[in-house]
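Student: Before I ask anything, let me first share the structure, which is written out below as structure tokens.
The values are calculated or read from the model by the stated rules, or taken from the named source; none is laboratory data. Being a predicted model, the structure only gives us computed values, none of them experimental. Cβ atoms come from the backbone with ideal geometry, glycine included; neighbour counts cover every protein chain shown. Note: accessible area is taken over every heavy atom of the protein model, side chains too, but ligands, DNA and RNA are not part of it. Shrake-Rupley method; radii C 1.70, N 1.55, O 1.52, S 1.80 Å.
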Amino acid sequence: MKQTVLWRFLLAASLTALLAIATSAVAQFGSHEDEVKVDVSSYPADVQNGYKVFANKCSECHSLTSSLKQSRSPEGWTEEVHRMQAMASSHINNNEADLITKFLVYDEAHRKAVARETASAAAGSSPEEAGKQAFESYGCSSCHSVAGAGNTSAPLDGIGNKRAAEELKKLIASPPSGSTMPAMDVPAKDLNNLVAYLLTLK
Ligand code: HEC
Ligand code: HEC
């Protein structure tokens, strides 16, 4: 009897230790990124509700920044939310997952789309410059770095020597399944600009 109690204690203690390690590892993830502010006051009521659930549930393990910066197609967001929901200790039920996805898809088509258009209009007329701007406004740099700026776990320096234009286009427009590169909906103009920019990285 006593032994059972001891084992339970040891099990609980090691689980707590594991959880602490996992939490500190995750806390570092994205911690140096700038926070993104979202004004949802003009969004439909159900989308505002989805934002509340998102802000509450999706901030448990990491900041909201990568979700608010990065781009996904509607299918891409559905997939991402399911992936997060499946993570151990994510307490997100199916109804909440649907609400969160609804917010992310709406925010992508409104706030993010407007921010991208504004950024692209402000960029000079050269495709390379507009592509550099798009690289930021699509949140590519939250996973990739160029010359040490951005997320250095997946540098794209020298990609212009490594891949041809068509190959890059295909990779961004429809990443192979099983790739960590997410599914995004990049319109043709932005896609061409992004590729023009990537080809300058020699
Ligand atoms: C149980 C902890 C946990 C919860 C809750 C959680 N995430 Fe995550 N998330 C992670 C971890 C760990 C990673 C990094 C590893 C990976 O991508 O598989 C991650 C990665 C991500 C990424 C990819 C970021 C990048 O730069 O690679 C996005 C986007 C994301 N989460 C969005 C969400 C959203 C949206 C929610 C709410 C539906 C959510 N997360 C809830 C743990 C969590
Ligand atoms: C959630 C993180 C994430 C985001 C956001 C992301 N990527 Fe990626 N990307 C990856 C990862 C990880 C790889 C490495 C290959 C793999 O796992 O498929 C990759 C691969 C690539 C490659 C091929 C690299 C090579 O060496 O062949 C290119 C080019 C690329 N990404 C460009 C982009 C562009 C442009 C954007 C923005 C429009 C972007 N990525 C957004 C994670 C991301």
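Student: Scan the stretch 159-175 and tell me whether some residue there is under 17 Å from residue 65 (Cβ atoms) and of a type outside the set (Val, Ile, Thr).
Tutor: The initial filter retains those residues of the stretch 159-175 that are under 17 Å from residue 65 (Cβ atoms), namely none.
Scanning the stretch 159-175, I find no residue that is under 17 Å from residue 65 (Cβ atoms) and of a type outside the set (Val, Ile, Thr), so the answer is no.
Student: Could you tell me which numbered condition residue 168 fails, if it satisfies all but one of (1) open to solvent by 20 Å² or more (accessible area, probe 1.4 Å); (2) over 30 Å from residue 43 (Cβ atoms); (3) near ligand 2 (Cβ under 10 Å from one of its atoms)?
Tutor: Going through the list (1) open to solvent by 20 Å² or more (accessible area, probe 1.4 Å); (2) over 30 Å from residue 43 (Cβ atoms); (3) near ligand 2 (Cβ under 10 Å from one of its atoms), residue 168 breaks only (1).
Student: In the stretch 64-114, which residues are open to solvent by less than 50 Å² (accessible area, probe 1.4 Å), modelled with pLDDT of 95 or more and in a loop (DSSP other than H, G, I, E, B)?
Tutor: Once the filter is applied, which keeps residues that are open to solvent by less than 50 Å² (accessible area, probe 1.4 Å), modelled with pLDDT of 95 or more and in a loop (DSSP other than H, G, I, E, B), the stretch 64-114 yields 64, 70, 71, 72, 73, 92.
Student: Something else: Give the residues of the stretch 178-202 that are polar (S, T, N, Q), under 17 Å from the mean Cα position of the chain (by Cα) and open to solvent by 60 Å² or more (accessible area, probe 1.4 Å), sorted by residue number. Quick ask: steps written out before the conclusion?
Tutor: The first filter runs over the stretch 178-202 and keeps only residues polar (S, T, N, Q), leaving 179-180, 192-193, 200.
Checking which are under 17 Å from the mean Cα position of the chain (by Cα) leaves us with 179-180.
Residue satisfying the conditions is 180 alone.
Student: For the stretch 133-168, give me each residue that is away from ligand 1 (no atom under 14 Å from the Cβ), part of a loop (DSSP other than H, G, I, E, B) and not small (Gly, Ala, Ser). Break it down into steps so the answer makes sense when it comes.
Tutor: Quick first cut of the stretch 133-168, residues away from ligand 1 (no atom under 14 Å from the Cβ) only: 133-137, 146-149, 155-168.
Within this subset, residues satisfying the condition of being part of a loop (DSSP other than H, G, I, E, B) are 147-148, 156-158, 163-164.
Result: 156, 157, 163.
One line per residue, one yes/no per condition, for (1) under 23 Å from residue 185 (Cα atoms); (2) among the hydroxyl-bearing types (Ser, Thr, Tyr):
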| site | (1), (2) |
| --- | --- |
| 51 | yes, yes |
| 67 | yes, yes |
| 79 | yes, no |
| 82 | yes, no |
| 89 | no, yes |
| 116 | yes, no |
| 129 | yes, no |
| 139 | yes, no |
| 144 | yes, no |
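Student: Identify all residues within the stretch 169-202 that are touching a Lys or Arg at 6+ places or on another chain (Cβ under 7 Å) and within 16 Å of ligand 1 (Cβ to nearest atom); write none if there are none.
Tutor: Of everything in the stretch 169-202, those that are touching a Lys or Arg at 6+ places or on another chain (Cβ under 7 Å) and within 16 Å of ligand 1 (Cβ to nearest atom) turn out to be 182, 183, 184.
Student: If residue 129 satisfies every condition in (1) charged (D, E, K, R); (2) at pLDDT below 95; (3) open to solvent by 50 Å² or more (accessible area, probe 1.4 Å); (4) not assigned by TED's automatic domain parsing to the domain that holds residue 189 but one, which is the exception?
Tutor: Result: residue 129 passes all but (4).
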